[in-house]
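The values are calculated or read from the model by the stated rules, or taken from the named source; none is laboratory data. No experiment lies behind these values; they were computed from the predicted model shown. We place every Cβ from the backbone using ideal geometry, glycine too, and count neighbours over all the protein chains shown. Just the protein is used for accessible areas: all its heavy atoms, side chains included, with ligands, DNA and RNA removed. Shrake-Rupley method; radii C 1.70, N 1.55, O 1.52, S 1.80 Å.
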Amino acid sequence: YSILTDAQAPPSQYRPELPRHFDRIIGRCLEKDPRRRIQTALDLRNELEALQREVGREGAEAVPSVAVLPFADLSAERDQAYLCEGIAEEIINALTKVEHLRVASRTSSFKFARAEMDGREIGDRIGVSNLLNGSVRKAGDRLRISVELINVADGYRLWAERYDRELKDIFAIQDEIAQSTAEALEVTLSPRERRAIKQVATANVQAYDYYLRGRKFFFQYRRRGIEFALQMFARAIELDPLYALAHAGIADCHSFLYMNIERSEENQVRADEASRKALELDPDLAVAHTARGVALSQGGRHDEAEQAFETAIRLDPQLFVAHYVYARDCFTQGKAEKAIRYYEKAYALNPEDCQAPLLCAQIYSDLGREEEAVDARRRGVRAAAGRLDLNPDDVRALYMGANGLVALGQRARGLVWARRAMEIEPEEPMLLYNLA
């Protein structure tokens, strides 16, 4: 009767020194509803590995954890989605500079942008104990930003605030939200961390606006989106030629075009030039080192590319894309084991991503390690299906997942996904390649 009906007290009730993350893991194992439980031994292992990273070797208490969700657009025209996402991303970037705070990645958090789930379920899916969400209402040059920090376990609000300011104050608002979030989670900020949070990539609000629009288009990972992103990044640089992030964005766009759309010398040269410029402007920017590494890899300069990737990871160990592109470069060179290692690290950083496990699966197959290949493909397909539950028109998730399904022997289902992708974006080169 107790198993079926009674709520299990968290382990920390009996052992107060246990970290909160451990409570969450045990709670998910004991969920009454089978759909809410941890589904596989692999999922449990991943949870325990995350706990191991969270807790120090001496068994210290787990650090607080938080996910920043994309803010809701309450503007009259509902045309500020890029700004809402940009504000959330800047807060994520600021919070990741706080040593004693675990912050969910952008990719993990943003997949729940339009999810109709309660806070507890979102927190469980991401693996954090707190959620920061809010809304943005923009009218002309006026902003109203409302924000609240919620404890996932009990749903109680830990902190909330409303900011009625001018658009030019947006950087100050983001800094205040990041600092207030850390303080509400009882994290003491060092002077260095306070300075790091206050650092801004540009003082030009319009350049920042163009940059945010560009990133919104870039993350569509398709030709038209990349072309629009290039225009936005170029406008940002016109307003602020010293904007390192925008130069890195230009490099990323040309690298994407070179790898996936048009393998031209122009794209290769422009990726090289823009990535070098980004690094000159900000040598400590992990994103710039990542962009530089990709450009060097495309030029066959793999030793230099590896140095760039390793520097990016040293500067930002949680940067998913740095591990992902490093793995891809290792695969290009035939370094199979090293590629596997970095693909798996990328997946550990973002278990919601389908690309890393599905590409890693092919390497496992090439090495004759079929059990590991099947496991990786199942992880990839599960991640793709989760993405499609929230974003049914995600073409990349459809065609990547389709390949995984066919490789797992689920040919009919894989072809259904592939045809759905074709209906949405019939002229997308990467879709055509993967479909073939």
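Quick notes on this structure:
- Among the chymotrypsin sites (Phe, Trp or Tyr not before Pro) found in region 154-210, those both in a DSSP coil and sparsely packed, with 14 or fewer other Cβ atoms within 10 Å of their Cβ, are 156.
- Cα→Cβ-extended label distance, 7 Å offset, between residue 301 and residue 260, nm: 2.4
- Rounded to whole Hz, the Karplus (6.51, -1.76, 1.60) HN-Hα couplings of region 126-137, x for glycine and proline: 7, x, 10, 9, 9, 10, 10, 9, x, 9, 10, 10
- Taking the chain as a Gaussian network of alpha-carbon nodes connected by springs under 10 Å, the highest mean-square fluctuation of the residues 29, 360, 330 belongs to 29.
- In this simple spin-label approximation, residue 162 and residue 280 carry label points 7 Å from Cα along the Cα→Cβ vector, and these lie 4.8 nm apart.
- Dipole of the chain [Lys/Arg +1, Asp/Glu -1 at C-beta], most positive-end residue of 285, 159, 133: 133
- Across all directions, the average projected area of the convex hull around the alpha carbons of region 31-152 is 9.0 nm².
- Residues listed by number, region 365-405, amide nitrogen under 18 Å from residue 116 label point at 7 Å toward C-beta: 386-393
- Nearest-20 debye value, the chain charge dipole, Cβ charges on Lys, Arg, Asp, Glu: 680
- Backbone N under 20 Å from the residue 79 label point (7 Å along Cα→Cβ), restricted to region 127-151: 136-145
- Residues whose placed amide H lies under 5 Å from that of residue 143, excluding near-sequence neighbours: 165, 166, 167
- Based on protein heavy atoms only, the chain ends up with 50 Å² per residue of surface accessible to a 1.4 Å probe.
- For residue 318 and residue 40, a Förster radius of 35 Å and the Cβ-Cβ distance give a FRET efficiency of 0.90, rounded to the nearest 0.05.
- Taking label positions 7 Å along the Cα-Cβ direction at both residue 190 and residue 206, the computed distance is 4.0 nm, reported to one decimal.
- Options [x] 63, 57, 40; [y] 63, 46, 42; [z] 68, 57, 45 - which one matches Cα extents along the principal axes in Å as calculated here: [z]
- For 338, 111, 168, the ranking by accessible surface with the largest value first comes to 168, 338, 111, using a 1.4 Å probe.
- Prolate/oblate/rounded call for region 359-436, Cα gyration tensor, a/c under 1.5 rounded: prolate
- Free of any GluC sites (Glu not before Pro) that DSSP assigns to a loop and that have at most 12 other C-beta atoms within 10 Å, the longest stretch within the chain is 263-426.
- Springs join every pair of Cα atoms under 10 Å in this Gaussian network model of the chain, and among 141, 169, 73 the largest mean-square fluctuation is at 141.
- Note on the chain: GNM, Cα springs under 10 Å; of 69, 143, 230, the largest mean-square fluctuation is that of 143.
- Taking only protein heavy atoms and a 1.4 Å probe, the accessible area of the chain is 49% carbon and sulfur.
- The chain, relative contact order [Cα under 8 Å, separation at least 6], %: 8
- The alpha carbon convex hull volume per residue for region 177-272 rounds to 123 Å³.
- Note on residue 413 and residue 3: the extension gain reaches 143.9 nm, defined as 0.36 nm multiplied by sequence separation minus the Cα-Cα distance.
- By definition, a body whose alpha carbon gyration tensor gives a ≥ b ≥ c is oblate when a/c is 1.5 or more and a/b is not larger than b/c, and region 222-278 fits this oblate description.
- The 1.4 Å probe gives accessible areas that order 377, 157, 194, largest first, as 157, 194, 377.
- Mean residue ellipticity (222 nm) of the chain, computed from DSSP H runs ≥ 4 via -39,500 (n - 2.57), nearest 500: -19000 deg cm²/dmol
- Region 198-333 shape via C-alpha gyration tensor axes, a/c threshold 1.5: oblate
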